[in-house]
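K.L.:
Can you keep this structure in mind? I'll have questions shortly.
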Amino acid sequence: MEISIIKTIVAIVVYFLLRVISNKSINRTVANNLMQKTRGKIIKKAVNFILVLILLVLVLIIWGVDKSELAIFMSSVLAVIGIALFAQWSTLSNITSGIIIFFNHPVKLDDTISIIDKDFNIEGRVSDIGLFFVIIKTTEGEQITVPSNLFVQKMIKNKIRQDSTQEI
């Protein structure tokens with residue numbers, strides 16, 4: 001019993017440490033990439049939700065919930081969620097792509113880009129990068145909204161800015 005309490009306390013402390021580290025990392029990414037703070041809040045909520053789920057499963061295992069029962073329960077919950085999200089696969093795809101763009105895409109706000117597409121090329125300035133969409137303003141003053149999942153899939157030519165601090 002005492003060992004379970006100690007393991008639970010350790011798990012909770014690790015959870016809070018991971019939460020602080022991930023929040024600082026997200027804040028740093030937002031600041032470095034000139035992103036909107038609201039976008040960072042959305043990413044923080046998603047990461048914190050995942051951390052809470054991991055903590056919950058870990059605490060259940062620590063307190064002796066049978067792993068086979070836990071696996072059955074988790075697979076049932078995931079099956080229900082999967083069926084519910086099946087019709088919304090594009091939404092889930094856009095959320096995942098938005099997170100990928102947030103952490104690992106070289107395009108930043110105010111970059112001038114060209115999206116290379118066989119049917120319709122788009123050229124303009126990135127005015128917003130959200131969880132679901134990337135908004136591009138063209139030189140003609142049009143605003144084009146590109147779903148995040150398509151933005152990740154397309155080839156993008158980024159016109160490098162000639163800053164005095166940037167080396168080419």
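The values are calculated or read from the model by the stated rules, or taken from the named source; none is laboratory data. Since this is a predicted model, take the numbers as computed values, not measurements. Cβ atoms come from the backbone with ideal geometry, glycine included; neighbour counts cover every protein chain shown.
Residue-by-condition table, conditions (1) under 30 Å from Ile160 (Cα atoms); (2) more than 15 Å from the chain's Cα centre (by Cα):
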site: Ser25; (1), (2): yes, no
site: Leu51; (1), (2): no, no
site: Leu60; (1), (2): no, yes
site: Leu78; (1), (2): no, yes
site: Asp110; (1), (2): yes, yes
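K.L.:
Condition check: farther than 17 Å from Arg39 by Cα, at pLDDT 85 or above and either surrounded by fewer than 17 Cβ atoms within 10 Å (Cβ to Cβ) or of a type in the set (A, V, I, L, M) (or both). Does Glu140 satisfy that?
P.N.:
Criteria met by Glu140.
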